[in-house]
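The values are calculated or read from the model by the stated rules, or taken from the named source; none is laboratory data. Quick caveat: nothing in here was measured; it's all calculated off a predicted structure. Positions of Cβ are backbone-derived with ideal geometry, glycine not excepted, and every protein chain shown enters the neighbour counts. Side chains are part of the model used for accessible areas, which takes the heavy atoms of the whole protein and leaves out ligands, DNA and RNA. Shrake-Rupley method; radii C 1.70, N 1.55, O 1.52, S 1.80 Å.
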Amino acid sequence: MKIAGLASNRGRNLRHIADAAPGGAELSVVLTNREQAPVLEAATERRIPTEVVEREEDESREAHERRIVDRLAGYDFDLVCLDGYMRVLTDEFLDAAPTTLNVHPSLLPAFPGTDAHEQVLDAGVRTTGCTVHVVTEEVDAGPIVTQEPVPVYEGDDADALKDRVLHDAEFTAYPRAVRWFAEDRVTVERDGDDAPVNVTVDGDAGGDFPERRFVSEERADTLRYGENPHQDAALYVDDGCEEASVVDAPQLNPGAKGMGYNNYNDADAALNLVKEFDEPAAAVIKHTNPAGCATSDTLADAYDRALRTDAKSAFGGIVAVNRECDADTADAVVDSFKEVVVAPGYTDSALDVLREKKNLRVLDVGPLGEDDERFSERFTEKPIVGGRLVQERDRQSPTAADLDVVTEREPTDEQLETMLFAWKTLKHVKSNGILFATGTETVGVGMGQVSRVDAVTLAAMKAEKDADGKSAEGAVMASDAFFPFPDAIEEAAEAGIEAVIQPGGSVNDEDVIAAADERDMAMAFTGSRCFRHD
């Protein structure tokens with residue numbers, strides 16, 4: 001895609017497009033109608049040919065544009081991009097040139113003309129932006145290719161707004177439009193000479209992962225600091241979220257410290273884990289990883305079993321339960337130092353106990369809902385430098401019938417139940433993740449290792465050294481991805497593991513299965529992995 005750029009001043013959008021080369025597009029020439037336009041120097045620095053065609057005194061617009069067309073005739077270009085080109089083009093140019101685009105600093109059709117920012121401020125609107133449109137002879141009225149919104153803040157003046165619209169909107173929307181043209185996804189057509197011009201963009205049709213995403217959130221709180229005291233942080237809220245979350249959960253212990261960045265992050269991880277279970281469940285989270293998790297007939301027993309997985313690591317952790325927190329559970333929680341407790345409600349007696357701890361934050365997230373409501377938010381996202389990763393949440397929840405037993409030894413019914421519990425919990429362990437479990441409680445967790453064998457070793461060590469009244473002997477092991485070699489199975493067998501649940505799919509599956517058979521271990525494949533990398 002070759003572009004002819006027309007600008008009257010600095011041409012900052014043209015410079016940005018030249019630097020970004022969206023879709024591989026290149027500027028063949030930059031033309032200006034002003035001899036001293038700064039865009040000339042910027043183009044020369046980028047080794048882009050330049051042309052100057054000033055309008056002569058008493059020269060008609062049409063005659064001037066014929067000279068521009070003649071000057072451009074020596075260049076190869078497929079698209080014309082205007083950037084602050086302070087002339088209203090006539091049919092003389094538009095009929096002779098390829099499709100011509102312009103970017104206007106407002107969300108057309110609102111606020112057309114040269115004073116768009118002043119109009120926005122006078123109108124008192126809270127959102128403005130930019131519009132990339134096909135140029136027609138009618139000013140700022142051509143069909144829209146794409147738009148990008150930006151907020152208007154209290155205290156904004158025209159200069160502040162102009163700068164934000166340029167950097168946050170125009171620098172995003174204009175390259176996007178050029179990329180679409182470069183990818184041959186834009187159709188510009190009209191049915192007849194007097195019919196309006198129509199623009200369609202292939203693929204810009206919504207869906208789960210639309211071509212464009214607009215994120216609009218409001219700041220709910222300024223946090224004390226981020227992950228570390230030298231980092232500033234804030235909490236933004238999505239008012240459209242209907243799923244139970246820690247973001248808008250009221251804090252029920254007045255006088256306690258407010259939630260910090262790490263508190264929110266860990267509390268969110270803890271809540272998401274206990275949402276997995278129908279039975280009374282409790283989890284203790286440290287640095288977004290489970291130090292322990294369990295289900296039981298009572299909430300207090302579930303918490304006790306979760307805590308005894310690794311009470312040492314649970315010190316200063318986050319507790320989440322999936323039932324109304326009762327006094328017995330509250331008594332157990334306050335028996336050691338915890339930062340936050342999260343629950344879908346509390347009894348009055350439980351609150352009396354929890355409020356005795358001055359700085360224990362007590363969050364009430366409200367009802368968790370039925371199965372289809374617990375994880376109603378379908379997507380998660382992670383900002384990265386220069387963009388944002390978006391994916392479906394890992395909502396897989398295999399049943400015993402979904403498992404493929406691949407060893408000579410069949411798992412017992414109890415082992416199958418443990419496999420399913422372990423898999424649901426393992427989804428919330430940072431990869432490489434290994435989890436040991438018995439019944440429906442964790443025994444040892446090996447998380448965040450660069451080697452899967454090391455993760456097995458860590459889980460075995462935690463089970464032996466830190467688990468209270470638990471043992472890896474006879475336990476089930478869950479792995480979030482396949483075993484590439486038999487060594488991890490050999491390590492697990494030495495720790496006493498008798499059954500394994502893992503995705504399968506390695507080129508060495510036969511060797512891994514053989515290693516399990518040699519050690520009389522049962523093994524089942526899920527057919528899907530459960531990496532958690534953030």
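Results, tabulated for the structure shown:
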| read-out | value |
| --- | --- |
| Filtered residues of segment 252-272 (kept if within 16 Å of VAL333 (Cβ to Cβ), modelled with pLDDT of 95 or more and among the hydrophobic types (A, V, I, L, M, F, W, C)) | LEU252, ALA267, ALA270, LEU271 |
| Search result, residues across segment 130-182 that are more than 16 Å from THR114 (Cα to Cα), modelled with pLDDT of 95 or more, open to solvent by 10 Å² or more (accessible area, probe 1.4 Å) and small (Gly, Ala, Ser) | ALA160, ALA182 |
| Odd one out for GLU211 among (1) under 24 Å from THR131 (Cα atoms); (2) without any contact (Cβ under 8 Å) to a residue 24 or more places away in the chain; (3) touching a strand residue (DSSP E or B) at 6+ places or on another chain (Cβ under 7 Å) | (3) |
| Selection status of ALA233, more than 16 Å from PRO105 (Cβ to Cβ), aliphatic (A, V, I, L, M) and either open to solvent by 40 Å² or more (accessible area, probe 1.4 Å) or in contact (Cβ under 8 Å) with a residue 24 or more places away in the chain (or both) | yes |
| Tabulated pairs, segment 298-324, first on the phi > 0 side of the Ramachandran plot and open to solvent by 50 Å² or more (accessible area, probe 1.4 Å), second assigned to a strand (DSSP E or B) and of a type outside the set (Gly, Ala, Ser), C-beta under 8 angstrom, 6+ apart or interchain | none |
| Selection status of ASP70, modelled with pLDDT under 95, open to solvent by 80 Å² or more (accessible area, probe 1.4 Å) and more than 39 Å from the chain's Cα centre (by Cα) | no |
| Where a residue in segment 477-488 is at pLDDT 95 or above and open to solvent by less than 10 Å² (accessible area, probe 1.4 Å) and its partner, wherever it lies, is polar (S, T, N, Q) and part of a loop (DSSP other than H, G, I, E, B), with Cβ under 6 Å and at least six apart | ASP480/SER431 |
| Top-ranked residue of segment 75-95 - restricted to ones that are open to solvent by 60 Å² or more (accessible area, probe 1.4 Å) and modelled with pLDDT under 95, ranked as farthest from the chain's Cα centre (by Cα) | GLU92 |
| Residue within segment 253-263 that is open to solvent by 10 Å² or more (accessible area, probe 1.4 Å), within 26 Å of ASP348 (Cβ to Cβ), touching an Asp or Glu at 6+ places or on another chain (Cβ under 8 Å) and assigned to a helix (DSSP H, G or I) present | yes |
